[in-house]
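Scroll down for the structure; my scribbles are underneath it.
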Amino acid sequence: MAPQTRFLSHAPRALTRAVFSSAAVLCVSAPLSALAAGAGGPGGPGDKDGDSSWGLGVGAVISQKAYTGYDRKTRALPMISYENRWVKVAGPGLTVKLPSWTINPSQRVDFGLVAKLDLSGYEQDDAPILNGMAERKGGLWAGAKAEWKTDLFELGGEWTADASGHSKGQKFALTLEKSWRVGQQVMLTPRLGANWVDKKYVDYYYGVRAAEVRAGRAFYQGKSTTNAEVGLRTMYLFNPHHAMFLDLSVTALGSGIKDSPLVDRSTENRLFVGYQYRF
């Protein structure tokens, strides 16, 4: 089927979902700052008193969800990032920085409190299999994270819970990544991730309630599961202010989601391409 393109001039609800449903916005601000500042290990913007960094940009995300009959979507979206010693804003996410633990000059563990908007739910007209289903909402998620940064790799863990109370679910993400610089202008960052979601999250977004059962859509009560992700960020820095980037990821869904009668795919994928100006 032909891709569907949603631009920012559409209805307010479509605008909100386009801006806040993509995690890709959160993936690009940190490597851009690191590359522009020449950081190769722990450190970067916001580490010293008075330091700050912010940027503006625009991008497009092309995503394929696992719901049966869900067409690949292309969305344009703005990008806003800001970071200083105390806070970091990247797209729909806010991190309040806590004191770090410096192990040695090449190793450091950063801690933070996080809040992010996640409006990746669905409406019944998003796909034929969802016709007659009640709307599933996103909302505000909040929690904490820790990042172990070394010269060799970065290992991060993040726990969040649905502060809006729609799904009442919880998530825990573990991510391992490594950045390589190719010359002075290119950065490559492959990553591996494991994302656990509890049964309340799966039941809300992939479950089928008794009142929603119909032919071809059986009752389903979700169960906790773990999704695996592999991804690659590529960034090209024209100069300290201008950069282009690309982020590609594929997620292998756990059995708790694959067993849902709402899905017919075992993977989801996303491609994000964009430009950012760093002030």
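Over 19 Å between Cα atoms, which of Lys73/Lys116; Lys65/Lys88; Lys97/Lys200; Lys97/Lys145; Lys171/Lys199; Lys116/Lys137 qualify?
Numbers: Lys73/Lys116 22 Å; Lys65/Lys88 29 Å; Lys97/Lys200 29 Å; Lys97/Lys145 10 Å; Lys171/Lys199 10 Å; Lys116/Lys137 14 Å.
Those over the limit are Lys73/Lys116; Lys65/Lys88; Lys97/Lys200.
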*Between Leu152 and Arg72, take the C-beta separation as r, use R0 = 30 Å, and let me know the FRET efficiency to the nearest 0.05.*
0.25
*For the stretch 68-173, state which GluC sites (Glu not before Pro) are in a DSSP loop and have at most 13 other beta carbons lying within 10 Å of their beta carbon.*
Glu135
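In what order do Trp141, Trp159 fall by count of nearby beta-carbon atoms within 10 Å, going from fewest to most? Please list the in-between numbers first.
Working: Trp141 23, Trp159 16.
Fewest to most other Cβ atoms nearby, the residues stand as Trp159, Trp141.
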_Within the stretch 168-210, name every residue whose backbone N is under 14 Å away from a label modeled 7 Å from Cα of Ala252 along the Cβ vector._
192-195
*Taking Ser106, Ser260 and counting other C-beta atoms within 10 Å, the order from fewest to most*: Ser106, Ser260
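Please give the contour-minus-distance gain from Ala228 to Glu135: 0.36 nm per residue of separation, less the Cα-Cα distance, rounded to one decimal in nm. Working shown, then result.
Working: separation 93, 0.36 × 93 = 33.48 nm, distance 2.64 nm.
30.8 nm is the gain from fully extending Ala228 to Glu135.
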*Computed E for Gln221/Trp101 - FRET, C-beta separation, R0 25 angstrom, nearest 0.05*: 0.05
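We did not get these values from a lab; they are worked out from the coordinates using the rules stated. As the structure is a computational prediction, the values presented were derived from the model and not from experiment. Counting neighbours? That spans all protein chains shown, and the Cβs are built from the backbone with ideal geometry, glycine included.
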